[in-house]
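The values are calculated or read from the model by the stated rules, or taken from the named source; none is laboratory data. A quick note: this is a predicted structure, and the numbers were derived from the prediction, not measured. Heads up, the Cβs are rebuilt from the backbone with ideal geometry, glycines too, and the neighbour counts pull from every protein chain shown. Note: areas computed on protein heavy atoms with side chains; ligands, DNA, RNA excluded. Shrake-Rupley method; radii C 1.70, N 1.55, O 1.52, S 1.80 Å.
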Amino acid sequence: MDLSSLYTNFFNSSAKIKLFLQQTQVLHYIPGRIRLYSQHLLNNPEIARQVSEHLETIPEIKQFAVNVATGSLLIHYSPEDVLRNPLLRDMEQLVAKQYGR
């Protein structure tokens, strides 16, 4: 079974999203903008497509960019919207854990 098969419908449950975030590094953060790195995104257009499709459904995200060449994910969001969205809240917790903020 290849990696794409393992991650089919990866973003259909909050538990899977949390697992993805746990395996993600924060490269840069300022409130309202976060750049993440995931080895799962690196050279994997199928995972990038799934991530993009999921992020497009989140109204609190203003814009995002997935880069399969670098494995990075850049997300712009309104800091005021963090508490209303579980994914953004989990990203903020990841930042707090990794940066001690």
Need one value: the accessible area of ASP90 in square angstrom, 1.4 angstrom probe, rounded to the nearest 10. 30
What FRET efficiency comes out for GLU46 versus ASP81 if R0 is 35 angstrom and r is the Cβ-Cβ distance? Round to the nearest 0.05. 0.80
Residue by residue through region 93-99, which ³J(HN,Hα) values in whole Hz follow from phi under the Karplus form 6.51 cos²θ - 1.76 cosθ + 1.60 (θ = phi - 60°), with glycine and proline marked x? 5, 4, 4, 4, 5, 6, 9
Going by accessible area, probe 1.4 Å, with all protein chains left in place, what is the ranking of GLU46, GLU60, GLU80, largest first? GLU80, GLU46, GLU60
Not counting ligands, DNA or RNA, and with a 1.4 Å probe, what is ARG49's accessible surface area in Å² rounded to the nearest 10? 100
Förster radius 22 Å - calculated FRET efficiency between GLN23 and ALA69, Cβ distance, rounded to 0.05: 0.70
